[in-house]
Amino acid sequence: MPFTLGRRPALDGIRGFAVLAVLAFHSGLDAKGGHLGVQVFFVLSGFVITAVLLEEANQTGRVSLRQFYARRVLRLLPALVAVLAFVSVYSLLSPAKAPRHEVARAGAGALFYVANWVFEHFGDKPYLLLHTWSLSVEEQFYLLWPPIVVVLAIRRGGYRALLRVALLGAVASGALRWLLIERGANLDRIYLGTDTRVDALLIGCALAVMFYAGWFPSGARARSAVRVAGTVGALAVVVACVFWSRPDVVAVGGIGLTLFALASGAIIATAVDAPDRAMARILAWSPLVQLGKISYGLYLWHLPLFVVMRHAFPTTPNIVMIPVMTAVALAVSIASYRFIEEPFLRMKDRFRPAPQRVDAAA
């Protein structure tokens, strides 16, 4: 029976963990590697988007790029515009704390999904919008990857060619990162560049291709090995998110980011392949799943809110400030999901293909 992704609560749980790591990093908790939550998002995003594309190909025999991008706009843009409006108003009211020209440039970069290159080129990085660099990396990648899926998986070489491109692209991205480090490139160039971070997305893409092609290990020993790898990967991810700072990751020749992406991929593979096992059940814990459902809005809103509250109460100790900031960010994100994101999410159904079983890309 062909693989279908369906509803996987454990994947929402992974999103929930990733956004918690990022919040811990930005809130002032001593989570040096919390920034790696973004790397988890990259791998998971590559996996899910590729699964969506291949599932559409299997059901209809084609992929509508117009519908794909329409769904992306409806999912991403409403909440982003709301956050940019909030940041713009704050910049107008407090120009000393949020220089208007920097916020305007960062806001334009975020809106057109080139924020990572804006930050790297101009050097000024208003903290209110600094986190939008990762959204830009993802969306730049999704301008290229879906057409590649259409050309390779549907029209030409099938899954084998698609997997080859994903793996070679991941290796090339990691090699470029290593080369730039060896040449003494700026940390921001390495950390923010789409070309130097795309290996995580491609690892997720490759994993999805393996599932849909039926190449994922199915024997008892192989599946047991996958679960062991998932457990080891989970331990490695948690430890890295606590202790592994940005300079530490880059200091090991850039390979640290690739290893972390592989560990994240092992977690995803285990959660999908063995939904009845302990790891998937832990990740499917209801509070973590609910957090994962609002993770996009929470990621967008948390940093501007943290900055505004820190400016408003500069002397308040962390023991008070961190719980208050987190509670406010959660409340705003829930409201954002309910009143901004959900209405547009319902509109996405208009841009879904009618199911019609076709064995495509076999």
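The values are calculated or read from the model by the stated rules, or taken from the named source; none is laboratory data. As the structure is a computational prediction, the values presented were derived from the model and not from experiment. Cβ: placed from backbone, ideal geometry, glycine included. Neighbour counts: every protein chain shown. Accessible surface is based on the protein model in full, side chains and every heavy atom, while ligands, DNA and RNA are left aside. Shrake-Rupley method; radii C 1.70, N 1.55, O 1.52, S 1.80 Å.
List of remarks:
- Per-residue ³J(HN,Hα) for segment 97-107, Karplus 6.51 cos²θ - 1.76 cosθ + 1.60, θ = phi - 60°, Hz, x for Gly and Pro: 8, 9, x, 4, 5, 5, 5, 4, 5, 5, x
- Per residue solvent-accessible surface (Å²) - the chain, probe of 1.4 Å: 45
- Size of charge dipole - the chain - debye, nearest 20, with Cβ of Lys, Arg +1 and Asp, Glu -1, no other charges: 720
- Residues in segment 319-325 carry Karplus couplings, in order, of 4, 9, 5, 4, x, 5, 4 Hz; the curve used is 6.51 cos²θ - 1.76 cosθ + 1.60 with θ = phi - 60°, and Gly or Pro positions show x.
- Only one item in (1) 29, 57, 13, 0; (2) 28, 61, 11, 0; (3) 26, 50, 20, 3, 0 matches P(r) over Cα pairs in 20 Å bins from 0, in percent derived from the coordinates shown, and that item is (2).
- Helical contribution to [θ] at 222 nm, DSSP H n ≥ 4, -39,500 (n - 2.57), averaged over the chain, rounded to 500: -24500 deg cm²/dmol
- Difference of contour (0.36 nm per residue) and Cα-Cα distance, residue 64 to residue 346: 99.6 nm
- Positive-end extreme of charge dipole, segment 74-213 - chosen from 151, 175, 141 (charges on Cβ): 151
- Gaussian network model of the chain, springs between alpha carbon atoms under 10 Å - residue of 57, 96, 108 with greatest fluctuation: 96
- Fully extended contour minus Cα-Cα distance, from residue 259 to residue 316, at 0.36 nm per residue: 16.7 nm
- Restricting segment 134-220 to chymotrypsin sites (Phe, Trp or Tyr not before Pro) in coil, as DSSP defines it, with at most 10 other Cβ within 10 Å: none
- For the chain, the carbon plus sulfur part of the accessible surface works out to 66%, probe radius 1.4 Å.
- Highest mean packing comes first when the peptides 82-90, 315-323 are listed by Cβ atoms within 10 Å, giving 82-90, 315-323.
- Amide H contacts under 5 Å for residue 33: 242, 243, 244, restricted to partners 5 or more places along the chain or on a different chain, H placed in the peptide plane at 1.01 Å from N.
- Packing, taken as the mean count of other beta carbons within 10 Å per residue, orders the peptides 225-233, 6-14, 199-207 from highest to lowest as 199-207, 6-14, 225-233.
- Cα-based shape type of segment 54-189, given that a ≥ b ≥ c are square roots of the gyration tensor eigenvalues and the cut on a/c is 1.5: oblate
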